[in-house]
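Colleague: Dropping the structure in here first, questions after.
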Amino acid sequence: QVQLVESGGGLVQAGGSLRLSCTVSGRTIGSIAMGWFRQAPGKEREFVSAISFSGTRTTYGDSVKGRFTISREYAKNTVYLQMNSLKPEDAAVYYCAAKRTYYNYILPGENEYDSWGQGTQVTVSS
């Protein structure tokens, strides 16, 4: 397990952009597969994106593909989620998740992760 802290959420107009950050405390992210999930009120948690520990493999949920980009900045122990062309349906609490791995896996299932951040709220106004 690792400690995760998300930041960067806020209020944005539809069509605008936000960049979320997930910082790992006390440990390098170089051997950690990471992902982003989101949950809107009354809805199930939804997979958004995942990235392997090397950063060379990524995947996205269908609803965000082409609009969101996940990346890693190893020097800052941080994973980012760049969100462009935001829609009202993107409004949710966004959670960062992590799991240490020994191979360059991407993990799209929430049950595959064992560390979670506290979440950061994203609100999109029409």
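Colleague: When you go through (1) assigned to a strand (DSSP E or B); (2) surrounded by fewer than 14 Cβ atoms within 10 Å (Cβ to Cβ) one by one for Ile70, which number turns out not to apply?
Modeller: Condition (2) is where Ile70 drops out.
Colleague: Same structure, new question: Step by step: first the residues of the stretch 29-52, then only those that are free of Cβ contacts under 8 Å to residues at least 60 places away in the same chain and over 14 Å from the mean Cα position of the chain (by Cα), then the one that is most open to solvent (accessible area, probe 1.4 Å). Which residue is that?
Modeller: Glu44
Colleague: Next up: Which ones in the stretch 35-54 are under 17 Å from Tyr74 (Cα atoms), modelled with pLDDT under 95 and not aromatic (Phe, Trp, Tyr)?
Modeller: Ser52, Ser54
Colleague: Is there a residue in the stretch 83-99 that is more than 19 Å from Val12 (Cα to Cα), surrounded by fewer than 15 Cβ atoms within 10 Å (Cβ to Cβ) and in contact with a strand residue (DSSP E or B) (Cβ under 8 Å, 6 or more places away or on another chain)?
Modeller: Within the stretch 83-99, not a single residue is more than 19 Å from Val12 (Cα to Cα), surrounded by fewer than 15 Cβ atoms within 10 Å (Cβ to Cβ) and in contact with a strand residue (DSSP E or B) (Cβ under 8 Å, 6 or more places away or on another chain).
Colleague: Another question about this same structure. Can you tell me which residue is farthest from Gly55 (Cα to Cα) among those in the stretch 100-115 that are open to solvent by 80 Å² or more (accessible area, probe 1.4 Å) and touching a strand residue (DSSP E or B) at 6+ places or on another chain (Cβ under 8 Å)?
Modeller: Arg100
Colleague: Within the stretch 74-126, which strands (runs of 3 or more DSSP E) (wholly inside it) include 3 or more residues that are over 20 Å from Thr59 (Cβ atoms)?
Modeller: By residue number, 120-125.
The rows are residues; the columns are (1) among the β-branched types (Val, Ile, Thr); (2) at pLDDT below 95.
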{"site": "Pro88", "(1), (2)": "no, no"}
{"site": "Ala92", "(1), (2)": "no, no"}
{"site": "Tyr95", "(1), (2)": "no, no"}
{"site": "Lys99", "(1), (2)": "no, yes"}
{"site": "Tyr102", "(1), (2)": "no, yes"}
{"site": "Glu110", "(1), (2)": "no, yes"}
{"site": "Asp114", "(1), (2)": "no, yes"}
{"site": "Val122", "(1), (2)": "yes, no"}
{"site": "Ser125", "(1), (2)": "no, no"}
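Colleague: Right, here's the next one. Are any of the residues in the stretch 117-125 of a type in the set (Val, Ile, Thr), more than 14 Å from Ser7 (Cα to Cα), in contact (Cβ under 8 Å) with a residue 24 or more places away in the chain and open to solvent by 30 Å² or more (accessible area, probe 1.4 Å)?
Modeller: Checking the stretch 117-125: not a single residue is of a type in the set (Val, Ile, Thr), more than 14 Å from Ser7 (Cα to Cα), in contact (Cβ under 8 Å) with a residue 24 or more places away in the chain and open to solvent by 30 Å² or more (accessible area, probe 1.4 Å).
Colleague: Right, here's the next one. Against the condition at pLDDT 95 or above and more than 19 Å from Glu112 (Cα to Cα), how does Val12 come out, does it pass?
Modeller: yes
Colleague: Just to check your reading of the model, which residue among Arg72, Arg67 is in contact with a Ser or Thr (Cβ under 9 Å, 6 or more places away or on another chain), free of Cβ contacts under 8 Å to residues at least 24 places away in the same chain and charged (D, E, K, R)?
Modeller: Of the residues listed, the single one that is in contact with a Ser or Thr (Cβ under 9 Å, 6 or more places away or on another chain), free of Cβ contacts under 8 Å to residues at least 24 places away in the same chain and charged (D, E, K, R) is Arg67.
The values are calculated or read from the model by the stated rules, or taken from the named source; none is laboratory data. Everything quoted here is computed from the prediction, not taken from an experiment. Here Cβ is always computed from backbone atoms with ideal geometry, including for glycine, and neighbour counts include all displayed protein chains. The protein model used for the area step is the full one, side chains on, heavy atoms only, and it has no ligands, DNA or RNA in it. Shrake-Rupley method; radii C 1.70, N 1.55, O 1.52, S 1.80 Å.
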